[in-house]
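Here is the structure we will look at.
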Amino acid sequence: MANETPDPDATPTGPNERVTPGGAGSHGGGFSYPEGPYPGSHGTAQYPQPNAPWSGQATPPPGRRRSFRMAAFGLVGALLAGGAGGALGYSLAESRDGRASSIGVLGNPLPPVDAAAPMGPVEAVAERVLPGVVQLRVDSGGSSGEGSAMVLSADGLLLTNNHVVEAAANRGQVTAVFQNGDTAQAAIVGRDPSSDLAVIRAQGVSRLTPIELGNSDSVRVGQQVVAFGAPLGLGGTVTTGIISALNRPVSVGGDQAASEATVLNALQTDAPINPGNSGGPLVDMQGRVIGINSAIATTGQQGGSIGVGFSIPINQAKRVAEELERTGKASRAVLGVSVGDDPQVSGARIQSVAPGSAAEAAGIRAGDLVIGFDGQRILAGDGLQAAVRSRAPGQVVGVQLADRSVSVTLGAAS
């Protein structure tokens, strides 16, 4: 059994896991990214060898020899005629200085621009969403970074990741770059390291185009999605893929001044996400935001996309953003337990229960094994931690234990 974790509801990330905030490093909020090649070697494809020359002789079937010879003679005649025509064309194509000229397709006119051609589905999504996507440039006393954001209101309210703007929280500067090239200074309204979300406001702007929110509870595995952002500072970048998994617990580190990690109950996608994409929207094929691009997994020291990216579900982000806009801070749900992993079974093993906590009130005891939380399968301790943090304080949820089920009213972190 794993040792008790130092903070409630938490389990340390495994030693071989590496998850990186997608907008940090030299391109996102001042975080550093690993460097160097991926480990391991690539396999070599073996191609089949060409067939050996066939030494047999073909014999025309009975009754077809004459037609075979005639076809052959006709082919020879055509080749002779073609050769003569080719020689004449070559002679006519000689340039004035005596050199041969072969124009080919270069001499043909290009087709006209077809402005009336119907848009493909990704094109239509891009046209609809891009006006609401913003590139962020963060400057903090000699260090700089880049990330992304999305427009929440016409008068400049923007949503992004905390790790994108964290470096500017103490006398730093955030510049918003809009799709038309306009720029504006942005002030931090509120940020929440525990959910890795922040709300900022661009100053002196109006008539922006807000994005449209979707419902992340309706997302399905295999569903097509489109990701937007500014990877490596390349603003207005559009990539596409699918939803690879739901409710993926991902530890992405915490605020530089905090002692606890941020654990996301994330949507996993294979749409390419790279440093600088953080804070940008992940949308469905109707152009509605279902997630906020936040982190990527890597297999070694390289920090680029390997097709395993993570987004914060918009249903969770919406609640946090509303609280940040109103009060400058966000509440966080707690269960009031410390958990560990049992190598013999799947689930989160309860190691201790805090006195007076929501778990104690519901009758959860040390030694219990949590295998489900509000309908979500729990495979390990970090899964329970992520599931709890994705809910709101005061929410009533069902917790399935190995031997019984209980109803819990979640508490609020102090």
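Taken together, the values in this text are just the output of simple stated rules run on the coordinates, not laboratory data. Note that the structure is a prediction, hence the values are computed from the model and not measured. Cβ atoms come from the backbone with ideal geometry, glycine included; neighbour counts cover every protein chain shown.
The table below lists the values:
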read-out: Charge sum, other residues only, whose C-beta stays under 10 Å from Gln286's C-beta, Lys/Arg counted +1 and Asp/Glu -1; value: 0
read-out: Gain upon complete extension [Ala366, Met119; 0.36 nm per residue less C-alpha separation]; value: 83.1 nm
read-out: Cut-off under 5 Å, modelled amide H: who pairs with Val225 long-range; value: Gly241, Ile242, Ile243
read-out: Charge context of Ala321, other residues only, Cβ under 13 angstrom, K/R +1, D/E -1; value: +1
read-out: Per-peptide average of other Cβ atoms within 10 Å, ordering 240-247, 225-232 highest first; value: 225-232, 240-247
read-out: Efficiency of FRET from Cβ geometry, Thr327 and Ala245, R₀ 51 Å, rounded to 0.05; value: 0.95
read-out: Mean Cβ neighbour count within 10 Å, used as a protection proxy, ranking 308-319, 348-359, 130-141 highest first; value: 308-319, 130-141, 348-359
read-out: Relative packing of 320-331, 374-385, 110-121, 213-224, which averages over residues the other C-beta atoms within 10 Å, highest first; value: 374-385, 320-331, 213-224, 110-121
read-out: Distance (nanometres) between label positions extended 7 Å along Cα→Cβ at Gln223 and Ser102; value: 5.4
read-out: Sites Asn180 and Asn215 - FRET efficiency at Förster radius 45 Å, r taken between beta-carbons, to 0.05; value: 0.90
read-out: Local electrostatic count at Gln135 - Lys and Arg +1, Asp and Glu -1, tallied over other residues with Cβ under 15 Å; value: -2
